[in-house]
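The values are calculated or read from the model by the stated rules, or taken from the named source; none is laboratory data. Just so it is clear, the model here is predicted, and its values are computed rather than measured. Positions of Cβ are backbone-derived with ideal geometry, glycine not excepted, and every protein chain shown enters the neighbour counts. Surface accessibility is based on the protein's heavy atoms, side chains included, excluding ligands, DNA and RNA. Shrake-Rupley method; radii C 1.70, N 1.55, O 1.52, S 1.80 Å.
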Amino acid sequence: MLLKDAVLEIGCEELPSSYIGPAIQQMVSAAQAGLKEHRINCQQIQTYYSPRRLTIFLKGLPEMQQEVVKEVTGPLVSIAFDAHGLPTRAGEGFAKAQGVSAASLKRAPSPKGEVVVAIKKAGGRLTSEILSEIFPEVIKKIRFPKTQRWGNGDFLFARPIRWVCAVFSRTVVPFEIAGLFSSRETYGLRSKKLGPLDVIEAGDYLEVLRQGGVIADPKERRALAWEKIKEAAAEKGALVTEDEDLLDDVNNLIEAPEAIMGSFDPQYLSLPDQVIVTAMREHQKYFSARDSSGALLPYFIGVINGNPKDKQVVIRANQGVLKARLEDAKFFVAEDLKLPLEAWGEKLSGITWLEGMGTMADKSIRISKTVKKIGELCGASKETIKTVEAAALLAKADLATNIIREKEFNSLQGYMGGYYAIRQGKEEAGKAIQTHYYPRFSGDELPSGPEASLLSVVDKIDKIGRAHV
């Protein structure tokens, strides 16, 4: 049997990066369920996506669904037919209920005697006809954290749907959804301002989009983005470390990767590396550049969507945004260092930890008192216990500082408290504080050293214990 391919593409306004992966998985699950229900085998379901499109590609479909033959046993022959072999009311009723003619009823032996049997055939519908029922259900079953309506419609989706491309082999799969009719039309890169592009054959989908400037295959797009990032860094003799999570985020924000390399004033290198990297990575989705010794360089690499007419305009705009971020960080750090960490710790009495569970100041005192008992059980030395007791009183102090409280850099809690402690001459306590939140999730880094490990264990025991109070 000749197998054919089908493609379903939902074209919409730019989706949030975090929405894309779950939506694609839901599309696959819904398509698999629909195909199974209608007895259509599919060799493979491939997925393609970008901020403006969610696509499933069904590879290896038959032209028609599988036909099913079912035998339904009816009444005894003596009841279904009279002495002259004509169907009785019982025989006619059984045949009608099964959707067959009385003349087509067969006979078969049974423990009770000879009975009539209806041979029912189901299926054999065209795959294109069935896909017109499955595809709209695939779209309807996608769930997002937040949805919206647009125009005068009631259909809910994360962003307005602008087109639906649905093709089986060379045939459009017809259906209507969200006020739109499916077609063979798709659209390329927005900046190219190309009109609709026709997908004549489903198997040509990726190439049609490539002609429109779009790399729809996320694996290919990701690899290309990483190559361009490395090339941009190499132009300045810099090195860039692959950041899997950041690369995934960036990949979901672009359709045609191009890299830019900008710079910032070297004066900002006086800030802790993690502050600079956080400003670039979390807020701007930039990759940081380092020299061969691992020292941070005053450059950043960004990934943009398509090749602009003037890259320098784009670079200057990005440099301006990053400068504002780094200025904020520089101000926060300077203000925070005007007070000893103990003074910031005193402000914890105004920060509630959990409702009914006291303040962060209460928590700090509590874990400091618990350190000795847990430390002795773990076989920690007296010096380690003493260091951690002091560190525990300051471990949460940075929650009151400007750089954490203002939310822009709150992912650096712990790290900044440790940095401030080290800057103020409390090196051992500072090292323990910096990584005491680790591990934060499965597979995360572990605390650095016995002091940080002990502080981390005590902090987590306190959290677990209080959760069950």
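Show the residue pairs meeting these rules: Cβ distance below 9 Å; 6+ apart or different chains; first residue within the stretch 262-285 and in contact (Cβ under 8 Å) with a residue 60 or more places away in the chain; second residue in a strand (DSSP E or B) and β-branched (V, I, T).
G262/I301
Which of the following residues is modelled with pLDDT of 95 or more and in a strand (DSSP E or B): Q46, Q26?
Sole residue among the options that is modelled with pLDDT of 95 or more and in a strand (DSSP E or B): Q46.
Select from the stretch 379-398 the residues that are among the polar types (S, T, N, Q) and either surrounded by 19 or more Cβ atoms within 10 Å (Cβ to Cβ) or closer than 20 Å to G417 by Cα (or both) and list them in ascending order.
T384, T387 - these are the residues of the stretch 379-398 that are among the polar types (S, T, N, Q) and either surrounded by 19 or more Cβ atoms within 10 Å (Cβ to Cβ) or closer than 20 Å to G417 by Cα (or both).
Consider L194 against the criteria (1) assigned to a helix (DSSP H, G or I); (2) more than 25 Å from the chain's Cα centre (by Cα): it satisfies all of them except one. Which criterion is unmet?
So L194 meets the others, but not (1).
State whether one or more residues within the stretch 70-77 are closer than 30 Å to R107 by Cα, in a helix (DSSP H, G or I) and modelled with pLDDT under 90.
yes
Pairs needed: first member in the stretch 153-170, free of Cβ contacts under 8 Å to residues at least 12 places away in the same chain and open to solvent by 50 Å² or more (accessible area, probe 1.4 Å); second member anywhere, part of a strand (DSSP E or B) and of a type outside the set (D, E); C-beta distance under 8 Å; at least 6 residues apart or different chains.
L156/Q148
Need pairs with beta-carbon distance below 9 Å; first residue under 30 Å from E133 (Cα atoms) and among the charged types (D, E, K, R) and within the stretch 65-84, second at pLDDT 80 or above and open to solvent by 90 Å² or more (accessible area, probe 1.4 Å); sequence gap 6+ or separate chains.
Short answer, once both residue conditions are applied: E71/K106.
Among the residues that make up the stretch 262-285, is at least one of them at pLDDT 95 or above, under 30 Å from D198 (Cβ atoms) and not polar (S, T, N, Q)?
no
Residues of the stretch 282-309 being small (G, A, S) and either touching a Leu at 6+ places or on another chain (Cβ under 9 Å) or within 17 Å of K230 (Cβ to Cβ) (or both), which ones? Before you say what the answer is, go through the steps one by one.
Here is the first cut: in the stretch 282-309, the ones small (G, A, S) are 288-289, 292-295, 302, 306.
If the condition is that a residue be small (G, A, S) and either touching a Leu at 6+ places or on another chain (Cβ under 9 Å) or within 17 Å of K230 (Cβ to Cβ) (or both), then S288, A289, S292, G294, A295, G302, G306 are the ones that fit.
Starting from residues that are under 29 Å from K59 (Cβ atoms) and aromatic (F, W, Y), keep the ones in the stretch 139-182 and report whichever is modelled with the lowest pLDDT.
F155
Using the structure shown, decide if Q148 is touching a Lys or Arg at 6+ places or on another chain (Cβ under 9 Å), surrounded by fewer than 15 Cβ atoms within 10 Å (Cβ to Cβ) and over 30 Å from N41 (Cβ atoms).
Details: touching a Lys or Arg at 6+ places or on another chain (Cβ under 9 Å): yes; surrounded by fewer than 15 Cβ atoms within 10 Å (Cβ to Cβ): yes; over 30 Å from N41 (Cβ atoms): yes.
So Q148 passes the test.
Quick one: how many residues across the stretch 385-438 are of a type outside the set (A, V, I, L, M, F, W, C), part of a loop (DSSP other than H, G, I, E, B) and touching a residue at least 12 places away in the same chain (Cβ under 8 Å)?
Result for the stretch 385-438: 12.
When the residues of the stretch 144-181 are filtered to those that are hydroxyl-bearing (S, T, Y) and over 19 Å from I24 (Cβ atoms), which remaining residue is nearest to the chain's Cα centre (by Cα)?
So the residue we want is S169.
Going through E342, E389, E406 one at a time, which residue ends up being modelled with pLDDT under 90 and of a type in the set (D, E)?
E406
Identify the single condition in (1) touching a Ser or Thr at 6+ places or on another chain (Cβ under 9 Å); (2) over 23 Å from E14 (Cβ atoms); (3) assigned to a loop (DSSP other than H, G, I, E, B) that I119 does not satisfy, given that it satisfies every other one.
Against the list (1) touching a Ser or Thr at 6+ places or on another chain (Cβ under 9 Å); (2) over 23 Å from E14 (Cβ atoms); (3) assigned to a loop (DSSP other than H, G, I, E, B), I119 comes up short only on (3).
So, in the stretch 90-116, how many residues would count as being assigned to a strand (DSSP E or B) and open to solvent by 80 Å² or more (accessible area, probe 1.4 Å)?
At the first step, the residues of the stretch 90-116 found to be assigned to a strand (DSSP E or B) are 106-108, 115-116.
From what's left, open to solvent by 80 Å² or more (accessible area, probe 1.4 Å): 106-107.
Here the count works out to 2.
Would a scan of the stretch 48-60 turn up a residue that is open to solvent by 10 Å² or more (accessible area, probe 1.4 Å), polar (S, T, N, Q) and either at positive phi or out of contact with any strand residue (DSSP E or B) (no Cβ under 7 Å at 6 or more places or on another chain) (or both)?
So far as the stretch 48-60 goes, no, none of its residues is open to solvent by 10 Å² or more (accessible area, probe 1.4 Å), polar (S, T, N, Q) and either at positive phi or out of contact with any strand residue (DSSP E or B) (no Cβ under 7 Å at 6 or more places or on another chain) (or both).
Being of a type outside the set (D, E, K, R) and within 15 Å of T171 (Cα to Cα) is the filter; apply it to the stretch 61-71 and report the residue that is surrounded by the most Cβ atoms within 10 Å (Cβ to Cβ).
That would be L61.
Given the condition among the small types (G, A, S) and within 30 Å of S128 (Cβ to Cβ), answer yes or no: does some residue in the stretch 45-60 qualify?
For the stretch 45-60, residues among the small types (G, A, S) and within 30 Å of S128 (Cβ to Cβ): present.
From the list G11, G74, pick out the single residue that is in contact with a Phe, Trp or Tyr (Cβ under 6 Å, 6 or more places away or on another chain), surrounded by 14 or more Cβ atoms within 10 Å (Cβ to Cβ), under 23 Å from K121 (Cβ atoms) and of a type outside the set (F, W, Y).
That would be G74, the only listed residue that is in contact with a Phe, Trp or Tyr (Cβ under 6 Å, 6 or more places away or on another chain), surrounded by 14 or more Cβ atoms within 10 Å (Cβ to Cβ), under 23 Å from K121 (Cβ atoms) and of a type outside the set (F, W, Y).
For (1) farther than 13 Å from K285 by Cα; (2) hydrophobic (A, V, I, L, M, F, W, C), each residue gets a yes or a no:
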position	(1), (2)
G237	yes, no
D249	no, no
L253	no, yes
M261	no, yes
P266	yes, no
S270	yes, no
